[in-house]
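For reference, the structure discussed in these notes is given below.
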Amino acid sequence: MPESVVIIGGGISGIAAGTLCRKHNIPCIVVNDGAGVSLPPGKTVVVSPGVHPAKSPLYQQAEAEKREIISEMEFGFRRWHRPVLAITGTNGKTTTTELTVHLLNCCGVKAAAAGNIGRPLSDLASDPQDTEVAVVEVSSFQLEKVEKFAPLAAAILNFASDHLDRYPDGFTGYCNVKKRIFEHVVPENRIWGLSFGDDCSRRVTVDAGILYVDGEKIFDLRESDLPGTHNEENCAAAVELILRILPLETVKSLQFKQALTSFRRGRHRIEKVGVFHGVTYIDDSKGTNPAAVLAAVDSCKDGKIVILLGGLGKGMDFSVLASRADRFRAAVVYGADRERIARVLDGVCPVYIFTDDFAAVVKCAGELALPGDTVLLSPACASMDMFKNYAERGECFRELAIQISGGQK
């Protein structure tokens, strides 16, 4: 470990890295970008995932001075001496991570979520308690500065347009950063999601909603809280990862099937708010890129959709949204990137444009919907132009839907 550390970013990840330093008696200081702030001495610089390399003067100073720069996840991994299962991709990371943790715990292996959800890996390394396996949700930001990060097994679920404002070489650069998760993983433990087609070697497959392992039927996913093709992909990846920890006999057991049945997805992921005056309201605030929106739309089997789209677009390509325009009764767009989204849908479905009055957005959607329709919040964008995070956006949608409808079913 380094003789001294400078941590850029005083949020949750930065605090966790500082705690880990103190546990191992490593001198450290936490700094944030600001007017007149410069980087203090320190052998290694640890960066929080929210620090943008192109926008952080402190980061740029560290590069200019040729200091070692590592991510907080890398820093935590160097003090974590137990197995790691790692998951990345554009969509489905959180569900796959939560499902993997749930299945392992139900089968007697003490697992904890870390990384992009749960606890920062540095925090888990500071206080592992009885955790036997860390299941780490990994973002591209966290992979930008890894060197020794070596999961026992890792999965890349999918690639789709996201965070392109961060990578000068666009989608190719974004994908290349994601692939770094495999750098120190043995080939047989590199798991490619079902979205990458049949060319990848897999033990786990899904056909017509049935999960198979080594060609043997294991579970009917229609009996679980994992609807839709995207969740089939999530479940297949989770089971592939688990097969690197648990024996096949356990995966084939009744205990494992019961664990699949008892799993419940997290909030704001194609979550039904209610049916009011014959209109179904669905909160998919976690749908922060266009590919996630397509999955949410495809999960709505009946009727037309009034879709709420907008927020911070992160340089993404919204053109794929037009491929589902035949499902839209209307699109209600709002927020910072409303005009970019509106241009994609103009002429292919009715578009209603708002600024930052979210109550007016939800009210408009409710008025446009007919009985049998769905009002779907699946924004294709980040939330920070109007909300603290996607969860606050989802809760606001829920409250407004109930308020506007009078709570009448």
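What follows draws every value from the coordinates through simple rules; no lab data is involved. As the structure is a prediction and not an experimental result, all values here were calculated from the model. Cβ placement follows ideal geometry from the backbone for every residue including glycine, while neighbour counts extend to all protein chains displayed.
Brief remarks on what is shown
- Counting DSSP beta bridges with both ends in segment 80-262, the antiparallel % (nearest 5): 30 percent
- When each of V30, V136 is scored by the number of other beta-carbon atoms lying within 10 Å, the sequence from fewest to most is V30, V136.
- Normalised by the number of residues in segment 39-114, the average gap of Cα pairs under 8 Å and 6 or more apart makes the relative contact order 23 percent.
- Computed about its Cα centre, the charge dipole of segment 122-186 is approximately 340 debye, with only Lys, Arg, Asp and Glu carrying charge at their Cβ.
- Rounded to 5, the percent of DSSP beta bridges in the chain classed as antiparallel: 25 percent
- Between F196 and H24, the contour length at 0.36 nm per residue exceeds the alpha carbon distance by 57.7 nm.
- Computed extension length for H52-R82: 7.8 nm, one decimal, from 0.36 nm per residue of separation with the Cα-Cα distance subtracted.
- Relative contact order %, segment 182-288, counting alpha carbon pairs below 8 Å whose residues are six or more apart: 19 percent
- Amide H contacts of I7 (H built 1.01 Å from N, under 5 Å, at least 5 apart or other chain): I29, V30, V31, V46
- Selection of trypsin sites (Lys or Arg not before Pro), segment 259-290, meeting DSSP coil and at most 11 other Cβ within 10 Å: R264
- The chain, dipole about Cα centre (Lys/Arg Cβ +1, Asp/Glu Cβ -1), debye to the nearest 20: 440 debye
- Calculated mean residue ellipticity, 222 nm, the chain: -9500 deg cm²/dmol, from DSSP H runs (n ≥ 4) at -39500 (n - 2.57) each, averaged per residue and rounded to 500.
- Projected over every direction and averaged, the convex hull enclosing the alpha-carbon atoms of the chain yields 20.6 nm².
- Counting only cysteine Cβ atoms and a cutoff under 4.7 Å, the chain contains unmatched residues C106, C107, C175, C200, C235, C300, C349, C364, C381, C396.
- Those residues of segment 234-264 whose amide nitrogen sits under 15 Å from the label point placed on E132, 7 Å along Cα→Cβ: 242-251, 256
- In plain terms, the chain from Q255 to T229 could stretch by 6.9 nm, reckoned as 0.36 nm per residue minus the Cα-Cα distance.
- Under 5 Å between amide hydrogens, built in the peptide plane, is the criterion, and for I218 it picks out L211, Y212, V213 among residues at least 5 positions away or on other chains.
- For K252, a cut-off of 12 angstrom between C-alpha atoms picks up these aspartates and glutamates, skipping any fewer than 8 places away in its own chain: D214, E216.
- Antiparallel beta bridges, as assigned by DSSP with both residues in segment 271-405, represent about 25 percent of the total such bridges.
- Measuring between alpha carbons in the structure, the pairs from K178/K314; K286/K388; K179/K388; K304/K363 lying more than 20 angstrom apart are K179/K388.
- Peptides ranked, highest mean first, by Cβ atoms within 10 Å: ranges 40-49, 397-406, 95-104: 95-104, 40-49, 397-406
- Restricting segment 292-394 to trypsin sites (Lys or Arg not before Pro) that sit in a DSSP loop and have at most 10 other Cβ atoms within 10 Å of their own Cβ leaves K301, K388.
- Mean sequence separation of contacting Cα pairs (under 8 Å, at least six apart), scaled by the length of the chain, corresponds to a relative contact order of 12 percent.
- Taken about its Cα centre, segment 255-334 carries a charge dipole of roughly 280 debye when the Cβ of each Lys and Arg holds +1 and the Cβ of each Asp and Glu holds -1.
- Here the calculated FRET efficiency for E399 and R343, from their Cβ-Cβ distance with R0 = 22 Å, stands at 0.10, rounded to the nearest 0.05.
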